[in-house]
Amino acid sequence: MKKIAILGSTGSIGTQTLEVVRNHGDLEVTALAAGSNIRRLEEQIREFHPGLVAVWSEEKAKELRLLAADLNVRVVSGMEGLIEVCTCPEAEIVVTAIVGMIGIRPTIAAIEAGKDIALANKETLVTAGHLIMPMAEKYGVQILPVDSEHSAIFQCLNGEQQREIHKILLTASGGPFRGKKRGDLEHVQVEDALRHPNWAMGQKITIDSSTLVNKGLEMMEAKWLFQVDPEHIQIVVQPKSIIHSMVEFVDGAVIAQLGTPDMKLPIQYALYYPHRRDLPGERLDFWKLSEITFEKPDMETFAGLRLAFAAAKAGGSMPTVYNAANELAVSRFLSRKIPYLAIPEIIEWCMAEHKAIPNPSVEEILETERQTHEMIESRW
């Protein structure tokens, strides 16, 4: 019986992780953490019986304690609560499905406690990969990617030598605005950007997919996960999301991982690695598929992707600025406070105003995030 803890249990990745648990009898949920969806969290507690649950605000924690008063569960709150969930003695692996840089400290705490990490919180590696990867090696902890693209690369590298990688081919669907030009995007509304053609995801990541910022974040995450320079990572638009990513080796061979666009596959693979288990659901039918097409990404229209490569090249604290600026800009777009095209404009302006700090500490990373948000609030 493998015991797991989940950060972000009420979000898209968290709920799909619990579907995987539901499908198998040999996974046990020991701890859960969520933001503000108390009703869903209560349902999860009643079904999966974790002994520990964390909620971000103490007010919501008090509400949950009343709702779950008849259950044998301890409810904690705040950053201390998230860290307690990540370090609970029973858990062997922590699924970090929480959104944002709030995931950095709990992930570090989990690694220091010797927990394997099923990583769905890309911001942790984007902003602190230079700290996280050496720490994982020091404590003998596995970082198992949950993003479909990184899981695909991870699977392609099974049995291969990492030093023999020539290039990572990171695939992108192109999002809902694939083929559009900048002029076509001037009047994009929230509802338009949330209509992803292939994947069902949370709002923030869906907006990021529409701007291709998500692919930029994934590129920076891949840099750390697979120890590959950004110059050796190529973005390939594959509109049907059938090829989840590929690896080209020094001899010219290319290995790809294919599958239906279902996040439960990479989640389950991370939880059971190195083994595979049966997964209910649709399978690829190559007779129906008939063809797979590829395109080059448009980095002028989708400036967020171009800026990601610039942030990765600058290094240090610049990826934190990129991520923090995007995070607040997307929040403002979702609240209808800024137009769609202001998202990459805000990122570019913040990057231009920032002098990168080489090898920033956790404190410097979080301070850079705070300063970036302050800059945006003062102008936008």
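The values are calculated or read from the model by the stated rules, or taken from the named source; none is laboratory data. Treat the numbers as computed from the prediction; the structure is a model and nothing was measured. Every residue, glycine as well, gets a Cβ built from its backbone with ideal geometry; the counts of neighbours run over all protein chains shown.
Yes or no: segment 99-109 includes at least one residue that is of a type outside the set (Phe, Trp, Tyr) and closer than 12 Å to LEU32 by Cβ. Reasoning before the result, please.
Residues of segment 99-109 that are of a type outside the set (Phe, Trp, Tyr), as a first pass: 99-109.
With closer than 12 Å to LEU32 by Cβ added as a condition, the list becomes none.
No: zero hits.
If we keep just the residues of segment 149-163 that are within 22 Å of the chain's Cα centre (by Cα) and not aliphatic (A, V, I, L, M), which is surrounded by the fewest Cβ atoms within 10 Å (Cβ to Cβ)? Don't jump to the end; show me each part of the working.
Quick first cut of segment 149-163, residues within 22 Å of the chain's Cα centre (by Cα) only: 149-158.
Now restrict to residues that are not aliphatic (A, V, I, L, M): 149-151, 154-156, 158.
On the way: GLU149: 26, HIS150: 27, SER151: 26, PHE154: 23, GLN155: 21, CYS156: 23, ASN158: 10.
By that ranking, first place goes to ASN158.
Residue-wise test of (1) among the aliphatic types (A, V, I, L, M); (2) under 20 Å from the mean Cα position of the chain (by Cα); (3) closer than 19 Å to GLU218 by Cα.
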position: ILE243; (1), (2), (3): yes, yes, yes
position: VAL250; (1), (2), (3): yes, no, no
position: PRO261; (1), (2), (3): no, yes, yes
position: ARG276; (1), (2), (3): no, no, no
position: ASP285; (1), (2), (3): no, no, no
position: GLU295; (1), (2), (3): no, no, yes
position: LEU307; (1), (2), (3): yes, yes, yes
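What's the total number of residues in segment 104-120 that are out of contact with any Gly (no Cβ under 8 Å at 6 or more places or on another chain) and surrounded by 21 or more Cβ atoms within 10 Å (Cβ to Cβ)? If you could, list the steps in order and put the result at the bottom.
First, pick out the residues of segment 104-120 that are out of contact with any Gly (no Cβ under 8 Å at 6 or more places or on another chain): 104-113, 115-119.
When the remaining residues are screened for being surrounded by 21 or more Cβ atoms within 10 Å (Cβ to Cβ), the result is 104, 106-107, 110-111, 115-119.
Selection size over segment 104-120: 10.
Mind checking which residues of segment 318-377 are buried (at least 20 other Cβ atoms within 10 Å of the Cβ) and either of a type in the set (D, E, K, R) or without any contact (Cβ under 8 Å) to a residue 12 or more places away in the chain (or both)?
Result: GLU327, GLU369.
Among the residues of segment 326-365 satisfying the criterion of being within 26 Å of PRO134 (Cβ to Cβ) and among the small types (Gly, Ala, Ser), which is nearest to the chain's Cα centre (by Cα)?
For segment 326-365, the residue satisfying everything is SER361.
Could you tell me which residue of segment 162-176 is farthest from THR293 (Cα to Cα), considering only residues that are modelled with pLDDT of 95 or more and of a type outside the set (Ser, Thr, Tyr)?
Initial filter on segment 162-176 (modelled with pLDDT of 95 or more): 164-172.
Going one step further and asking which of them are of a type outside the set (Ser, Thr, Tyr), we end up with 164-170, 172.
On the way: GLU164: 27, ILE165: 24, HIS166: 22, LYS167: 20, ILE168: 18, LEU169: 14, LEU170: 14, ALA172: 12 Å.
That would be GLU164.
Considering each residue of segment 348-374, count those that are of a type in the set (Val, Ile, Thr) and assigned to a loop (DSSP other than H, G, I, E, B), and give that number.
Within segment 348-374, residues that are of a type in the set (Val, Ile, Thr) and assigned to a loop (DSSP other than H, G, I, E, B) number 1.
Out of (1) out of contact with any Pro (no Cβ under 7 Å at 6 or more places or on another chain); (2) surrounded by fewer than 13 Cβ atoms within 10 Å (Cβ to Cβ); (3) touching a residue at least 12 places away in the same chain (Cβ under 8 Å), what's the single condition that is false for ARG195?
Going through the list (1) out of contact with any Pro (no Cβ under 7 Å at 6 or more places or on another chain); (2) surrounded by fewer than 13 Cβ atoms within 10 Å (Cβ to Cβ); (3) touching a residue at least 12 places away in the same chain (Cβ under 8 Å), ARG195 breaks only (1).
Restricting attention to segment 237-253, which residues are crowded, with 18+ Cβ neighbours inside 10 Å and within 13 Å of LEU169 (Cβ to Cβ)? Spell out how you get there, then give the answer.
Residues of segment 237-253 crowded, with 18+ Cβ neighbours inside 10 Å: 237-239, 241-248.
Matches in segment 237-253: VAL237, GLN238, ILE243, HIS244, SER245, MET246, VAL247, GLU248.
Residues of segment 201-214 being assigned to a loop (DSSP other than H, G, I, E, B), more than 20 Å from GLN257 (Cβ to Cβ) and modelled with pLDDT under 95, which ones? Please lay out each step first, then the result.
Here is the first cut: in segment 201-214, the ones assigned to a loop (DSSP other than H, G, I, E, B) are 201-202, 212.
Filter once more, so that each one left must be more than 20 Å from GLN257 (Cβ to Cβ): 202, 212.
Scanning segment 201-214 gives a single hit, GLY202.
Among the numbered criteria (1) touching a residue at least 12 places away in the same chain (Cβ under 8 Å); (2) among the aliphatic types (A, V, I, L, M); (3) more than 30 Å from THR368 (Cα to Cα); (4) not in a loop (DSSP other than H, G, I, E, B), which single criterion is violated by ILE6?
(3)
Report, ordered by the first and then the second residue, all pairs with beta carbons closer than 7 Å, sequence separation of six or more or different chains, a first member in segment 173-191 that is surrounded by fewer than 16 Cβ atoms within 10 Å (Cβ to Cβ), and a second member that is part of a helix (DSSP H, G or I).
Filtered contacts from segment 173-191: VAL190/PHE333; VAL190/LEU334.
Residues checked against (1) at pLDDT 95 or above; (2) surrounded by 22 or more Cβ atoms within 10 Å (Cβ to Cβ):
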{"residue": "ALA5", "(1), (2)": "yes, yes"}
{"residue": "PHE48", "(1), (2)": "yes, no"}
{"residue": "GLU58", "(1), (2)": "yes, no"}
{"residue": "LYS62", "(1), (2)": "yes, no"}
{"residue": "GLU80", "(1), (2)": "yes, no"}
{"residue": "GLY100", "(1), (2)": "no, no"}
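In this structure, does LEU217 turn out to be part of a helix (DSSP H, G or I), crowded, with 19+ Cβ neighbours inside 10 Å and over 13 Å from the mean Cα position of the chain (by Cα)?
no
Kindly check whether there is at least one residue in segment 215-236 that is more than 28 Å from PRO134 (Cα to Cα) and in contact (Cβ under 8 Å) with a residue 40 or more places away in the chain.
So in segment 215-236, the residues more than 28 Å from PRO134 (Cα to Cα) come out as 236.
Narrowing further to those that are in contact (Cβ under 8 Å) with a residue 40 or more places away in the chain: 236.
Yes, the conditions are met somewhere in segment 215-236.
Taking segment 10-39 only, how many residues are in a helix (DSSP H, G or I), closer than 21 Å to ARG65 by Cβ and free of Cβ contacts under 8 Å to residues at least 60 places away in the same chain? Step through it out loud before you land on a result.
The first filter runs over segment 10-39 and keeps only residues in a helix (DSSP H, G or I), leaving 12-23, 38-39.
Right, trim to closer than 21 Å to ARG65 by Cβ and you get 14, 38-39.
Add one more test, that the residue is free of Cβ contacts under 8 Å to residues at least 60 places away in the same chain, and what stays is 38-39.
Qualifying residue count, segment 10-39: 2.
Quick test for you: out of ALA68, ALA128, pick the one residue that is of a type in the set (Gly, Ala, Ser) and either under 21 Å from THR320 (Cα atoms) or touching a Ser or Thr at 6+ places or on another chain (Cβ under 9 Å) (or both).
Details: ALA68 fails: either under 21 Å from THR320 (Cα atoms) or touching a Ser or Thr at 6+ places or on another chain (Cβ under 9 Å) (or both).
Unique residue meeting the criteria: ALA128.
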